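The values are calculated or read from the model by the stated rules, or taken from the named source; none is laboratory data. Since the model is a prediction, treat every value here as computed from it, not as a measurement. Ideal geometry is used to build each Cβ from the backbone, glycine not excepted, and the neighbour counts take in all protein chains shown. Quick note on the areas: whole protein, heavy atoms, side chains included, nothing else; ligands and nucleic acids left out. Shrake-Rupley method; radii C 1.70, N 1.55, O 1.52, S 1.80 Å.
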Amino acid sequence: MSDFQYEEVPPEEHSDSDTVVNSAPLAELQEIPADPNFDDDEEEQEELRKMEATTTSAAVAETNTDTTVAKPSSAEDSIFSTMYAVAKKVAIVGSIYLVGYMGWSVAWLIAPVVLSVARDRFRKSTEHKRSIAKASALASEKEVIMARIDELPAWVYFPDVERCEWVNKILKHLWPNANHYARTLVKETIEPAVAESLANYKMNGFRFDRIILGTIPPRIGGVKVYTQNIGRNEIIMDLDLFYASDCDINFYLGSMKGGIKDFQIHGWVRVVMKPLIRSMPLVGGLQIFFLNNPNIDFNLVGVIDLLDMPGLSDLLRRIIVEQIGNIMVLPNKLPITLSDEVPATSLKMPEPEGVLRIHVVEAKDLMKKDISMLGKGKSDPYAIINVGSQEYKTQIIDNNVNPKWDFWCEAKIFAEMGQFVEFSLYDADETGKDEDLGRASVEIINAVKRGVVDTWLTLENAKHGMLHVRLQWYKLTSNPLDLQAALAETQLLRVASMSSAVLIVFIDSAKNLKQARINSNPDPYLVCSVGKQKQQTGMIMRDNSPVWEQGFTFLVGNPENDTLQIKIFDQKTGSEIGQFGYVIATLLRKENMDIVSQPFQIQKSGPESKLIMSLSLRILKKAEAIEDGESSEAPVAGENKLARSISKTASIQEPSSPKELQSQSSRISADTPLSEEEPNLKVSSPTNLQSITPPRSPNPFSANLIGGESVLTHRVPDLSASPGEHGLGRILLTIHYLAQRQKLFVTIHKIMNIPIRDPSNIPDPYVKLYLLPGRSKESKRKTVVIKDNCNPVYDATFEYLMSTAELLQSELEVTVCTQKGFFGSPIIGMLKIPLTDPEVSGNGLNTWYDLQPEFKHD
């Protein structure tokens with residue numbers, strides 16, 4: 001019979017003594033024993049009727065107070081409650097009298113009252129949420145659906161998610177044994193990590209005293225099994241996990257005793273069964289992990305309850321969330337070996353699928369959270385980017401609701417399907433908690449399919465505001481010939497933190513480590529580092545041949561220059577008991593750039609000390625967009641179409657009006673034809689890419705193209721006799737837009753033949769730049785002033801952060817002025833240059849322009 005087929009008992013079947021009990025609301029479901037089976041079994045119905053009769057009898061007994069005999073314990077409770085109420089009143093009145101007697105400020109009375117009211121309101125709201133969630137975990141699925149139609153299981157909303165009540169029945173029987181395993185995991189893994197994190201805040205002595213996870217098992221709201229785009233040697237499924245426990249966990253923080261109750265966690269858990277083998281149990285092992293950070297909540301009790309205040313409890317909560325993320329949120333996984341036939345590397349060695357390069361460009365129209373003397377001020381926004389447990393933070397832009405961050409970061413991706421890039425914007429506040437400015441997210445699979453996602457995201461949980469981001473997907477290859485292109489691209493971006501490869505390290509074990517203490521084996525742990533990145537294994541108690549079996553991944557800027565550094569320490573003494581260095585470039589000469597389970601001699605340790613590890617190097621290669629008829633830079637479906645960034649290939653248009661044709665033809669005067677050379681593209685070898693310097697051209701009027709790897713040489717004849725079409729002089733500019741950087745580069749090289757109106761008054765020229773339309777102060781750029789010179793040389797480069805769509809709608813205004821003037825700075829000449837020229841977005845525009853007479857601003 002289907003689980004959805006419910007049977008109602010007719011009223012006439014009840015005896016006179018029975019009372020029909022209506023369905024309890026969700027907040028009261030914890031009073032009703034869980035019945036997740038939904039079967040019409042007669043025995044279960046009989047038990048339910050007995051429980052209903054018992055509940056009804058208890059309710060009737062409570063209402064008939066006239067016939068109830070008071071017990072002695074009730075009288076004692078009444079006396080104690082009366083004494084407590086009297087003492088409470090005396091304390092309140094006494095405190096008020098004491099404030100008046102001592103002549104203290106009224107703030108000594110108001111502040112505790114306000115703090116107490118705020119604390120009570122916060123506690124009531126959180127307890128209400130926890131009670132609802134706990135009732136959902138206790139109740140059967142039928143009662144959940146009937147009580148709260150707006151909080152249905154995942155299988156109701158998603159057609160590819162299936163019900164799995166049979167899994168919940170199995171979990172209920174397995175939970176006592178799983179409870180024991182979970183306690184061991186908390187004690188051995190989470191406790192030392194939390195203690196170390198709290199020690200960084202001078203809060204020492206953290207340890208768990210009692211760990212009872214309770215009788216309520218986790219509940220699976222739905223399961224999704226993947227059948228496409230997966231390997232033939234694995235099974236992948238996602239579980240909608242909801243755990244609202246009745247746990248009782250006590251811990252000590254120094255001499256203070258506290259506790260955690262009502263622990264709740266909700267999120268999507270991925271279970272990967274791999275590899276599939278031909279002997280029982282047919283599955284070699286499991287990998288269990290959260291795709292994204294789960295929602296976690298709990299209640300603090302005991303002396304540490306003082307921390308359970310808005311703002312103050314964030315520290316402990318954040319540390320607990322971080323430690324759960326360090327165990328079970330990607331890129332971290334919980335591996336479980338099911339067969340001895342499976343090597344540890346197949347389950348525990350990291351397997352990144354690619355790297356996502358994230359560019360947080362800017363935001364606009366953010367909410368104003370600060371309060372100034374004149375009312376609403378602005379905000380001090382910053383953004384936090386989360387990809388699983390990987391977190392990045394932009395700089396804070398003070399007093400600006402249209403910030404431009406130009407922030408770059410890279411995230412290692414271990415699951416293309418189901419993972420999101422989450423953006424959270426906050427207003428920095430030095431005196432209190434940072435305020436929320438909105439959130440947005442992008443599914444990573446969109447970047448994988450398109451190659452590039454360049455779009456404006458509408459912020460959620462905000463009245464208004466948008467965020468401009470650009471995501472670039474890079475796949476990983478084992479071909480060392482791809483390294484040159486990867487290094488050239490990072491050099492072109494001119495962002496020092498960008499990488500060209502990924503190093504995968506699997507630390508298996510060590511043998512025969514030296515003793516750090518006399519007659520005692522060490523407590524060793526290992527630290528790996530590449531540049532500023534560091535990773536650490538767990539500590540093994542009293543073992544000179546520890547087995548770690550832990551894997552790490554590192555982003556490598558240049559494999560030819562970087563080195564993997566490994567150090568082994570004894571935790572008790574803190575002394576170093578071994579070290580080892582490996583030049584990453586060695587992997588470029590290995591087959592598939594891999595080393596599997598190879599022993600290495602440990603330095604500064606015993607003569608027979610060995611380290612067994614596996615290494616793998618993968619090169620970043622820009623992924624091509626999947627041909628689906630859409631632009632590679634098309635926005636994510638459902639996002640604002642008006643603010644989207646347009647594909648570079650589709651955005652280039654020919655001039656359609658005579659005015660545009662005239663503006664293009666006016667770059668070069670008709671009486672001075674110029675001869676051009678084709679751009680010369682020069683790419684240095686990987687070893688010299690970080691120190692590229694464009695070669696000098698013998699022609700004094702040549703200009704180097706901005707972009708690092710390419711050099712554009714523009715040769716012109718002698719222009720000393722030509723003041724330009726309008727007799728105001730000529731200016732040499734280089735204009736280049738880099739889509740990868742979302743930046744427009746403008747280089748002002750020099751000006752030639754500025755006319756001299758008065759021989760005794762030689763001009764002091766300088767150049768100003770503005771972006772049109774708008775001509776805002778933020779777009780103003782200005783060169784230095786060169787005294788008494790009609791042929792000044794600047795070679796000054798200016799940058800503008802802008803999207804492709806903004807580029808196509810903008811113009812560049814160039815104004816040449818002289819500082820010698822009685823009233824301001826007289827204008828020598830002006831230019832208005834459209835940025836829709838294909839060369840601007842291509843190899844760059846490098847040419848001479850004739851200065852034009854002053855024109856009025858729009």
Some residue of the stretch 384-405 being touching a helix residue (DSSP H, G or I) at 6+ places or on another chain (Cβ under 7 Å), closer than 25 Å to residue 295 by Cα and at pLDDT below 95: yes
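For (1) open to solvent by 10 Å² or more (accessible area, probe 1.4 Å); (2) closer than 30 Å to residue 585 by Cβ; (3) in contact with a Ser or Thr (Cβ under 8 Å, 6 or more places away or on another chain), each residue gets a yes or a no:
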{"site": "400", "(1), (2), (3)": "yes, no, yes"}
{"site": "409", "(1), (2), (3)": "no, yes, yes"}
{"site": "449", "(1), (2), (3)": "yes, no, no"}
{"site": "469", "(1), (2), (3)": "no, no, yes"}
{"site": "496", "(1), (2), (3)": "yes, yes, no"}
Residue check, residue 430 open to solvent by 30 Å² or more (accessible area, probe 1.4 Å), farther than 29 Å from residue 349 by Cα and without any contact (Cβ under 8 Å) to a residue 60 or more places away in the chain: yes
So residue 816, is it in a loop (DSSP other than H, G, I, E, B) and not assigned by the TED database to the domain that holds residue 406: no
Strands (runs of 3 or more DSSP E) contained in the stretch 528-620 and holding at least 3 residues free of Cβ contacts under 8 Å to residues at least 40 places away in the same chain: 533-536, 576-583, 594-601
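Table: residues versus (1) touching a Gly at 6+ places or on another chain (Cβ under 6 Å); (2) open to solvent by 50 Å² or more (accessible area, probe 1.4 Å).
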site	(1), (2)
746	no, no
749	no, no
754	yes, no
761	no, yes
781	no, yes
791	no, yes
849	no, no
Residue satisfying condition, being within 30 Å of residue 472 (Cβ to Cβ) and basic (Lys, Arg), within set 781, 775, 730: 781
The stretch 315-353, residues that are outside any loop (DSSP other than H, G, I, E, B) and of a type in the set (Gly, Ala, Ser): 325, 344, 346
Boolean, residue 430 is modelled with pLDDT of 90 or more and either outside any loop (DSSP other than H, G, I, E, B) or not assigned by the TED database to the domain that holds residue 226 (or both): no
Odd one out for residue 289 among (1) of a type outside the set (Lys, Arg); (2) surrounded by fewer than 20 Cβ atoms within 10 Å (Cβ to Cβ); (3) touching a residue at least 24 places away in the same chain (Cβ under 8 Å): (2)
Selection status of residue 847, in contact (Cβ under 8 Å) with a residue 60 or more places away in the chain, closer than 15 Å to residue 779 by Cα and among the hydroxyl-bearing types (Ser, Thr, Tyr): no
Only one of 462, 415 that is open to solvent by 10 Å² or more (accessible area, probe 1.4 Å) and either under 15 Å from the mean Cα position of the chain (by Cα) or at pLDDT below 95 (or both): 462
Flag for residue 510 being in contact with a strand residue (DSSP E or B) (Cβ under 9 Å, 6 or more places away or on another chain), in contact (Cβ under 8 Å) with a residue 60 or more places away in the chain and closer than 30 Å to residue 844 by Cβ: no
Within the stretch 725-741, considering residues that are out of contact with any Leu (no Cβ under 8 Å at 6 or more places or on another chain) and part of a loop (DSSP other than H, G, I, E, B), the one nearest to residue 805 (Cα to Cα): 739
The stretch 205-222 - residue that is within 28 Å of residue 195 (Cβ to Cβ) and of a type in the set (Lys, Arg) and, of those, least open to solvent (accessible area, probe 1.4 Å): 210
Which numbered condition residue 528 fails, given (1) open to solvent by less than 10 Å² (accessible area, probe 1.4 Å); (2) in contact with a Gly (Cβ under 8 Å, 6 or more places away or on another chain): (2)
